[in-house]
1. I'd like the antiparallel share, as a percent to the nearest 5, of DSSP beta bridges with both residues in chain C.
2. Per residue of chain C, what 222 nm ellipticity follows from adding -39500 (n - 2.57) for every DSSP H run with n ≥ 4, rounded to the nearest 500?
3. Taking every alpha carbon pair in region A:26-156, what does the distance histogram look like in 5 angstrom bins from 0, in percent?
4. At 37 °C and a viscosity of 0.692 mPa s, what translational diffusion coefficient does Stokes-Einstein give for the protein assembly as shown, taking Rh as the Kirkwood radius over Cα pairs? Give it in µm²/s as a whole number.
5. How shielded is A:63-71 by partner chains, expressed as the average number of their Cβ atoms within 10 Å of its Cβ atoms?
6. Determine, for each peptide in C:125-132, B:84-91, the mean count of other beta carbons within 10 angstrom over its residues, then list the peptides with the highest first.
7. Could you give the angle, 0 to 90 degrees to the nearest 10, between helix B:34-45's Cα long axis and the longest principal axis of the Cα atoms of chain B?
8. Under 10 Å, Cα contacts only: if you run a Gaussian network model on chain C, which one of C:V320, C:V289, C:V87 comes out with the highest mean-square fluctuation?
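Quick note: the coordinates plus some simple rules give every number you see, no bench work behind them. All values derive from a computational prediction rather than experimental measurement. Positions of Cβ are backbone-derived with ideal geometry, glycine not excepted, and every protein chain shown enters the neighbour counts.
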Amino acid sequence: MSWDKVGLPTKLRHWYGDMEVEGYLYTAGIAGEKFFKTLKERGKLLASRCMKCDVSYLPARAYCPSCFSEITEYFEVEPEGNVETYTILRVGVDGEKLEEPVIVAFITFDGVNGGLIHRLGEMDEKDVEIGMRVKAVLKPTDERRGEITDILYFKPA
Amino acid sequence: MGYKLPGTPLKRAEFEKAFKVEDKPEAKYAWAAGQALSRFLEELKNGRIVGRRCRNCGKILIPPRMYCEHCFRPTGEWVYVRPVGRIVTAVVSYIAATRERLEKPEVIGIVEFEDAPGSGIFHRLNIDPELVISRKAFGMRVKAVWKPPKEREGSINDILYFEPVGEGEG
Amino acid sequence: MKTNIYVKRRVAVVGAGLTLFRRRMLETPKELAWEAAKMALDWAGLELDDVDAVVIGSAPDAFDGVHMKGEYLADGSGGWGRPTMRVYVGGGTGVFTPIAGWWHVASGLFDVVLVVAEEKMSPAQPHPQFVFKHIWDPILERPLNPNLIWIFAMEMHRYMYKYNVRKEDIALVSVKNKRNALDHPAAQLAAKITVEDVLNSEVLVYPVQRLDISPVTDGAAALVMVSEKVARRITDSPVWVEGVGWALDSTQWTNRELAYPKYVEVAARMAYRMAGINNPRKEIDVAEVYDPFDYKELHHMEGLMLARKGEAPILTREGVTERDGDLPVNPSGGLLGVGNPIAAAGLMKVAEIFWQLRGEAGGRQVKKPAYTGLAQAWGDLMQAGTVIVMRAG
């Protein structure tokens, strides 16, 4: 192939732009409505159980992805669980060095499948370990908006 | 079909009240113009339109590409074309990209270059919207009107718009 | 182009499902997918356990605002722990999804395939119009600050110019489809309107007016597609997929004739050859033709060779395309009447042909006996054509 190339890479142009959408508003959905209402109003987590498969899901789901049944059985779970795995962040999203490292963990809860990804707090990075018991630190009730950030972080139980 | 379909519609007020999460993607891009379009953009700065000719089918491709998609082989040479062509289609936009009404409607269309049959670009047209609505704009001979050389930046906007070629003009 | 039209395994559609089509839905995209998929399985009398593979169709990720939408939708589409793929050809996706479902079964790889299409257009703020801007070329087109409608207005006007079509005749399509949608349980914009209403509606980008365009919609649709062996076991009225076709044209849309959708013709010829159709105008009993804009129904009828070039407006004016006409087009109400959750809208059309050919379309049932039906979609930068031909068993 003998393309007649421009030659100098400096002559090759780039065009700069971004995605102009002002933002997205995601509805929480059938099960999500219930999950966030429970978090906001009662400070608890909500799970659901497929009675056919006898499998539970946290966060709650409206249907069972395994057998496709509709799920109508919802139940509350205390926001206290175990660190299943974790990672320690030392740089931010743009690669900048963080002043304080951030610990992010996947937390599972007693007796239900699934779990939550969230931050860990009130602990030193040296003390975090897989299997450790943690519990949620929530915003005060009147400041909760029904978002996952209503939980500030999880701390050692 | 006497069937109740699933789904939970929300009126706007209900949508406002529903639990939602808001997010804005931080998606910034630098799109590479590549060999052909880089030269095209550079030549716009000089007030010229450049295409690529396929030595196999003879077609001049504008916007230029380094390959001919019809023959699937590299295009062979750069060719300047006069910035003159005919309106293939035209429309009158009364709304902006964001859907608000425009104060002054904008006319946009495709101009097929006289020197490169089958090759056109789309751009603003400086013609009366009535000529579009009456379809008199179709086939009209137009030429590019350029920004002053100092203000050009190698952008499709270095062409301000296309406007009708006057009597006895090129 | 050579196509092997002698595919040995026959494929049947045995179930269809739809959610309501609405401007804003509470459900997450996964939940919408599940609702439609569950309904399709119920219609077929099958369980998720019976499903061998899943095909998901969804238009750009930017609409739902979720990346990797195929993977994201998988659990709501029955894709957990199964061979699952997502297909995408812009607005053509809704018909391309069952085409992919067809080859999953026709190839002999699978016997039962769940086909799911979903689109949630409401998350994008302030309006999905913003997101559509990304379909334009970032270097040569976006700097001109285009809105999506420009491109369709240019095609519509070219079509009107080339074949001397009047706006009044195009408006008849919108009137017909919105009226047909009155009988569709999913419909978002069913209405009794007149040609004058269309012509008096807000001019957005001349010649496109507000009532020439389909709405912004959330929704999902699903089909169950099975091998002949399974079809014979579970139903007395399978609907056979007899022909499929798809084609793309160049994204260099300013370098081609916009008055005629050649890519739709290429796709249609492939599907007709496979289905043994020589005279589509005579042999197709009912058609669901892609109609995000009213002129597109006419444009596509011509690309599908259901009308000669420039003839579709005449057939429409003469009532041929009405539900009781000789060639009913969009008896569902189409995208103009039922709504336009992009990929789900295309699949809704295939579902409509399934119901029409089974005589299960209720108030929407076409008057003439319908044995052979067609659904078509179109997308990307006015360049993708997808066609499916089905026959009653």
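1. Counting only bridges with both partners in chain C, antiparallel ones make up about 75 percent.
2. It comes out at -10500 deg cm²/dmol, rounded to the nearest 500.
3. 2, 11, 19, 19, 18, 15, 10, 5, 2, 0
4. It comes out at roughly 119 µm²/s.
5. 6
6. Packing order, densest peptide first, comes out as B:84-91, C:125-132.
7. So the inclination is approximately 70 degrees.
8. C:V320
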